[in-house]
1. In debye, nearest 20, what is the charge dipole magnitude of segment 59-190 about its Cα centre with +1 on Lys and Arg Cβ and -1 on Asp and Glu Cβ, if you could check?
2. Quick one: what are the phi-derived ³J(HN,Hα) couplings along segment 165-181, Karplus 6.51/-1.76/1.60 with θ = phi - 60°, whole Hz, x for glycine and proline?
3. Length gain on complete extension for the stretch residue 223 to residue 19, per 0.36 nm per residue less the alpha carbon to alpha carbon distance?
4. Dipole of segment 1-123 (Lys/Arg Cβ +1, Asp/Glu Cβ -1, origin at the Cα centre): which of 80, 91, 49 lies farthest to the positive side?
5. Using +1 on the beta carbon of Lys and Arg, -1 on that of Asp and Glu, and nothing else charged, what's the dipole of segment 18-83 about the Cα centre, debye to 20?
6. What helices does the chain have that are whole DSSP H segments, at least 15 Å long along their own axis by Cα, and with mean Kyte-Doolittle hydropathy of -1.0 or more?
7. In nm, to one decimal, how far is the modelled label at residue 105 from the one at residue 144, with both set 7 Å along Cα→Cβ?
8. According to a simple spin-label model (label point 7 Å from Cα along Cα-to-Cβ), what is the distance in nm between residue 166 and residue 124?
Amino acid sequence: MINKTIILDLDDTLYCEHDYVRSGFEAVAHYIAGHSEFTPNHIYNQLIAYWQERGRGQVFDLTCAFFHIDDIDIAELVQVYRFHTPSIQLYDDAVQFLDDANMRKLPLGLITDGTSITQWNKIKALQLVDRIEAIVVSDDLGGSACWKPNKAPYQLALKQLDKLPEQCIYVGDNPHKDFITARKLGMETVRIVRSIGDHMNTRLDKAYEADWEIHALTELIDRQGT
Ligand SMILES: [Mg+2]
């Protein structure tokens, strides 16, 4: 394990966010089924089809239009999606990494953006509360204005861990927001590139990219002493 304190992103770093999307669509499909004559499976398959065809933006509107359902408020479906209890699992390498860090009693941090209740539901579903010492949901600090790349969540995690930026590494997947502030503060940065995820093919200016890349969190264990 590297001799620095590791602070992690959540979505697509510790688990596959597409699993969360599918889990949310299941909850939404059951909700729509409860308010219509269609089966959850039929509705779920249509949600998935629109997601794959058009992206996440208009999925609920398109699906309701497809089934000629006009008495469900789309905002309700967004709430169902955001507030559902997700069925998600840590990546295998994330489990190995956390086990190793926990066994060595190394403190860890986590910084995640997104609606507060949504992110906390994920954190609870993945049973991270007992495994990560400093968990910062940036939304709790003042809404979306405090999401990365705002420096506030990084500073809070450092404070909770009682570490200087130079003593920490930030590990994330999204170069649009994960690394630029961490680097400005003086942290080392690591980008995890997985086979699945919305940002895996994104390449930006050097200022937005991480110092180095990995493909599994276990590589952080392998770099012990470097
Ligand atoms: Mg992420």
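1. The dipole magnitude comes to about 660 debye.
2. Coupling constants for segment 165-181: x, 5, 8, 10, 10, 9, 10, x, 10, 10, x, 4, 9, 6, 10, 4, 6 Hz.
3. 70.5 nm
4. The residue sitting farthest along the positive end of the dipole is 91.
5. Charge dipole, segment 18-83, about its Cα centre: 280 debye, nearest 20.
6. Answer set is 17-34, 92-103.
7. 4.3
8. Calculated label separation equals 4.1 nm.
We did not get these values from a lab; they are worked out from the coordinates using the rules stated. A quick note: this is a predicted structure, and the numbers were derived from the prediction, not measured. Because the Cβ atoms are built from the backbone with ideal geometry, glycine has one as well, and the counts that use them run over all protein chains shown.
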